[in-house]
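Take a look at the structure below.
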Amino acid sequence: MITPPKNIEIKQTQRKGWGVYATENIKKGEVIERCYCIYVSDLPSNTNSVLLDYAFNYPKGLDVKNGAKHCIPLGYGCIYNHDNEPNAKWDNCELEMFFDFIAIKDIKPGEEICTYYGKDYWPQKKLRDEK
């Protein structure tokens, strides 16, 4: 059974809109959240759809040219913000169509939980925003 996380919450950030925050200590290596993913199969990469700002490649490690499909993780999956020095990562889960968000550092209560979007995200977003 998959249960909702009890140690995180979403709240408004100063500069990034909404974000995910720890409500209690989270240890390095701990699964923060397990998110079910739904395919967004009709989302071409060359579109300027706002959904591309929230879409992930599934499975992680592949791009769309090599067999990955765009998906949207449910739960808080689309609300984790970017940081160049993240305290969490997302990865494939052993359950098909799930992602795990995992602490890569100890995280304290009140701290925002951020992932790294990857080197390609920002240039691609800039191109989409210019369309």
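The values are calculated or read from the model by the stated rules, or taken from the named source; none is laboratory data. Here the structure is a predicted model, which is why all the values come from computation and not from measurement. Heads up, the Cβs are rebuilt from the backbone with ideal geometry, glycines too, and the neighbour counts pull from every protein chain shown. When the accessible area is computed, the model is the full protein with side chains, heavy atoms only, and any ligands, DNA or RNA have been set aside. Shrake-Rupley method; radii C 1.70, N 1.55, O 1.52, S 1.80 Å.
Cα extents for the chain along the principal axes, largest to smallest and rounded to whole angstrom: 40, 35, 20. Taken per residue, the accessible surface of the chain reaches 63 Å², heavy atoms only and a 1.4 Å probe. Shown are Phe56, Phe101, whose ranking by accessible area with a 1.4 Å probe and every protein chain present, most to least, is Phe56, Phe101.
Relative to the dominant Cα principal axis of the chain, helix 121-130 is inclined by about 50°. Using only side-chain charges placed at the Cβ, +1 for Lys and Arg and -1 for Asp and Glu, the dipole size of the chain relative to its Cα centre rounds to 260 debye.
His82 exposes around 30 Å² of accessible area when a 1.4 Å probe is run over every protein chain in place. Using a cutoff of 8 angstrom between alpha carbon atoms and counting only pairs six or more residues apart, the relative contact order for the stretch 1-105 works out to 31 percent. Report the net charge of residues surrounding Lys60, where surrounding means a beta-carbon distance below 11 angstrom and charges are Lys +1, Arg +1, Asp -1, Glu -1. Net charge in that neighbourhood comes out at -2.
In the chain, the portion of solvent-accessible area held by carbon and sulfur atoms comes to 51 percent [1.4 Å probe, whole percent, DNA, RNA and ligands not counted].
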